[in-house]
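Comments concern the structure below.
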Amino acid sequence: MPLSRLNTEQYKAATASAGANLIVASAGTGKTSTIVARIAYLLNENVKPEHILLLTFTNKAASEMLDRVQRYFDKSIVQKIESGTFHAVSYRLLKKIGRNIKLKTPKDLKILLKSIYAKRRFDHIDSPIKPYQSSYLYDIFSLYQNSSLSLSFSQWLEEDGSEHGVFFDIYEDIFEEFNGLKKEYGYVGFNDLLIKMREALKTNRDIRFSEVLVDEYQDTNILQSSLIDAFDKKSLFCVGDYDQSIYAFNGADIEIIGSFKDRYKDANIFKLNKNYRSTSKILSLANRVIKNNPRLYQKELAVTRVGKCEAPKLLVYDELFAQYHSISALIKESSTPYDEIAVIFRNNASADGIEATLRELGISCKRKGGVSFFDSREVKAAIDLISVVVNPKDMMSFIHIFEYAKGVGTALSKELFEGLFKLGESDIYRGFFHPKEDVKPFAKKVKNYQLGLFDDFVEMGSVGRFYKLGFDEQFLSNPILKHPKINAEGAKFIYSFYEFLKHSVRIKSPKTLVSHVLSSDIFASISDILATARGTKKDGSVDEGLKQEAKERIARKGYLLKDIAKNYSSSERFLNAITLGGSEMSEGEGVNLLSIHASKGLEFKEVYVIDLMDGRFPNRKLMSKGGSLEEERRLFYVATTRAKDKLLLSYAKYDKIKKLTYIHSPFLSEAGLVG
């Protein structure tokens, strides 16, 4: 059993009495083993598996933990444990109690917000401050949702020292319309999931747990913490390390773990201090640096690995790209398997140079955080086509699809959707095939000068201009074609979408629906547009060979999407699985190129931490925007403690392209590697 393999510290934590328990698990101290053992202990104590909730920061982490539990308990028992990310768990529980959820990604919702923002004018306000752009405004609002429970958006901005007071009323009005549209179309963003779950728990008493376990507790934000508190539970088991709290930019609040004992009556604090991952010399370096941060809970890491070990090395280069070339050469000469090597960086810009030099030497590498399979434009287009079939209210997928229509931009796409939505009484399928009579699809909207709101009146056009294009009579009679901004190419695209919908509505199997998408004229048109762009050379001419290769790659991705779809019984479940878990998937093999945030929770035999120049690491620019030296120091601690056997740190003195001179990071001084 898992309990028999624990050390004394881990055993005490895993068998703690029910209540509020915090386990401070330093890097490499076996926190996953302790969580697995805790679940086993609960099951042995006859706690029903369906009364156990495991919250993690990736679905992969939850899956791996339960796989380990399954070594000791029957699969039918383990499958009853509720587990996953805060978002995945909230989605499932909300569906379980009958809430209608149409989950949208931040990218989708940013486009929706942009369409609302575009109707505003700010030029009537005399201010030297420029208003936030729509994408940044969305990010700020998301941070607000994660960081505040009681303040309005304007109050939160004001408390944070924002100089945008003259725009507050417009911002508030934008988000009032944004939230209204989300409600109208049933859209839910990731933060909305948690907020809706928290609100549902106030009145729903059917959701109860004997114990809630939380992994990576140091990275919780105020919204997540409030959701944890909202769950009806007998016991709480939180595992984390304040020295690895690195998500402040996303609203993570280190005070949540720091104030645990104050917030929970009779709380117990357990500490895991025996490191099983790194050598004594690697651990010594990491400890020398992190001790410069405030100690929220006293701890001292103990090394369990014995024998000879290699001391961390500092590599100093005169020029930035000389650093990348040299490190690539060292990796080529290394006897360590490539997949056991990681190059870790503070800024994504660093990855381009190291990736280029590795590939130059024929060294395979994979970059976590790049464009994933699910983020490729052809896969996104296929998923959007599936989405409008499953959910005829999905305006965002409609807009994405019509990005490929000539002469139809975001604003017109939104107007077309809203017109079909009215004609079909909240269903664009009915809007196409059974439009309600006497409904005007395009109407003049109210202006509000004070809030910067404006819109144009739409004069209806004639559909006669489309009679020679070969459309069927039912399509030609649709009032949607009277919009004067629709040109011939746009009308053809709308017709191909109309034909696609006509033959999609009765398809239930996800695999069959994917096949229908891939064989449709509209997807063929989108594929041709993408392949042409990828086959276009710098002089503007199209290389037909490259275009054909691009088409073949698009087709291969289609086959893979169809293969994934066969594992799902309903198209709705297939879509939501992709939305919730697609970002965790990565492709490729070889040397791991990782940002520090992407490296969290991983370990490698050989680690290179590059570009350790003051300004880049610590990142002074981000520090000036609300970050802190303490957070940057925790990032350094996380990066160095990914190494098991070999740690190499490097920096360059000069960047010949940007003509910048650098000095070494202060963390190298704290580590004792430079004077």
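Lys605 meets all of the listed conditions (1) over 19 Å from Tyr247 (Cβ atoms); (2) open to solvent by less than 50 Å² (accessible area, probe 1.4 Å) but one, namely (2). Taken over segment 91-131, the criterion of being under 17 Å from the mean Cα position of the chain (by Cα) and either acidic (Asp, Glu) or not in a strand (DSSP E or B) (or both) is satisfied by Tyr91, Lys104, Thr105, Pro106, Lys107, Asp108, Leu109, Lys110, Ile111. If the condition is being open to solvent by 50 Å² or more (accessible area, probe 1.4 Å), in a helix (DSSP H, G or I) and either among the hydroxyl-bearing types (Ser, Thr, Tyr) or free of Cβ contacts under 8 Å to residues at least 24 places away in the same chain (or both), then segment 512-545 contributes Thr512, Ser519, Ala524, Asp528, Ala533, Arg534, Glu544. Within segment 611-628, residues that are under 15 Å from Ala248 (Cα atoms) sit with their Cβ atoms under 7 Å from residues that are among the aliphatic types (A, V, I, L, M) and open to solvent by 40 Å² or more (accessible area, probe 1.4 Å), at 6+ positions apart or across chains, in these pairs: Pro618/Leu629; Met623/Leu629; Gly627/Ala248. Residue by residue through segment 277-310, note down the ones that are surrounded by fewer than 16 Cβ atoms within 10 Å (Cβ to Cβ), part of a loop (DSSP other than H, G, I, E, B) and at pLDDT 90 or above. Lys291, Asn292, Glu310, listed by residue number. For segment 563-571, the count of residues that are farther than 18 Å from Asn348 by Cβ, among the basic types (Lys, Arg) and either at pLDDT 95 or above or open to solvent by less than 20 Å² (accessible area, probe 1.4 Å) (or both) is zero.
Of all residues assigned to segment 320-342, none qualifies as being out of contact with any Leu (no Cβ under 6 Å at 6 or more places or on another chain), closer than 20 Å to Ile663 by Cα, open to solvent by less than 80 Å² (accessible area, probe 1.4 Å) and assigned to a loop (DSSP other than H, G, I, E, B). Between Lys265, Lys234, Lys182, the distinction of being assigned to a helix (DSSP H, G or I), over 17 Å from Val89 (Cα atoms) and open to solvent by 10 Å² or more (accessible area, probe 1.4 Å) belongs to Lys182 only. Scanning segment 479-491 for residues that are surrounded by fewer than 18 Cβ atoms within 10 Å (Cβ to Cβ) and in a helix (DSSP H, G or I) yields a count of 3. Would you confirm whether any residue within segment 22-32 is at positive phi and touching a residue at least 24 places away in the same chain (Cβ under 8 Å)? Within segment 22-32 (the criterion being at positive phi and touching a residue at least 24 places away in the same chain (Cβ under 8 Å)), the answer is yes, since at least one residue qualifies. Does Val505 satisfy the criteria of being touching a Ser or Thr at 6+ places or on another chain (Cβ under 8 Å) and either surrounded by fewer than 20 Cβ atoms within 10 Å (Cβ to Cβ) or not aliphatic (A, V, I, L, M) (or both)? No. The number of residues in segment 97-129 that are in contact (Cβ under 8 Å) with a residue 60 or more places away in the chain, open to solvent by 70 Å² or more (accessible area, probe 1.4 Å), of a type in the set (Lys, Arg) and under 21 Å from Gly186 (Cα atoms) comes to 2. All of Tyr132, Tyr171 fail the test of being of a type in the set (Phe, Trp, Tyr) and crowded, with 21+ Cβ neighbours inside 10 Å, apart from Tyr171.
The values are calculated or read from the model by the stated rules, or taken from the named source; none is laboratory data. Being a predicted model, the structure only gives us computed values, none of them experimental. Glycine also receives a Cβ, built like all others from the backbone with ideal geometry; neighbour counts cover every protein chain displayed. Ligands, DNA and RNA are excluded from the accessible area calculation, which covers all protein heavy atoms including side chains. Shrake-Rupley method; radii C 1.70, N 1.55, O 1.52, S 1.80 Å.
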